[in-house]
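The values are calculated or read from the model by the stated rules, or taken from the named source; none is laboratory data. The structure displayed is predicted, hence computed values, not measured ones. Heads up, the Cβs are rebuilt from the backbone with ideal geometry, glycines too, and the neighbour counts pull from every protein chain shown.
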Amino acid sequence: MMGYKPRGIPHILLNSTIPATEDQIRYLQKTREEAIACHNFAMQHMAARSYRKKFEPWKVGEKVWLSAKNLISAFPSKKLAPK
């Protein structure tokens with residue numbers, strides 16, 4: 001998201017002999033692997049969903065979002081138009 005890969009666990013900590021540190025490192029590695037797996041699954045799901053997506057025309061009476069970007073009005077600017 002920020003344009004760079006996050007740093008991993010420093011190699012100095014991987015060779016630690018403190019049990020609490022080892023448990024924390026294992027937990028962090030497991031969490032990171034699960035996050036990467038979920039991210040890959042989401043990417044595959046979104047890619048597959050975009051191929052199945054088909055355009056369905058609107059029906060009379062449905063609400064749609066309209067943009068007024070290119071709308072021509074009788075007023076010189078949007079700021080001077082009545083609200």
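With respect to (1) assigned to a helix (DSSP H, G or I); (2) of a type in the set (A, V, I, L, M); (3) modelled with pLDDT under 85, the lone exception for Ile36 is condition (3). Taking first residues from segment 18-41 that are aromatic (Phe, Trp, Tyr) and partners that are modelled with pLDDT of 90 or more and not in a helix (DSSP H, G or I), no Cβ contact under 6 Å between residues at least 6 apart in sequence or on separate chains turns up. Yes or no: Lys63 out of contact with any helix residue (DSSP H, G or I) (no Cβ under 7 Å at 6 or more places or on another chain) and at pLDDT below 80? The answer is no for Lys63.
Is it true that Ile72 is exposed (fewer than 10 other Cβ atoms within 10 Å of the Cβ), modelled with pLDDT under 75 and out of contact with any helix residue (DSSP H, G or I) (no Cβ under 8 Å at 6 or more places or on another chain)? Give the derivation first.
Details: exposed (fewer than 10 other Cβ atoms within 10 Å of the Cβ): yes; modelled with pLDDT under 75: no; out of contact with any helix residue (DSSP H, G or I) (no Cβ under 8 Å at 6 or more places or on another chain): yes.
No: the conditions fail for Ile72.
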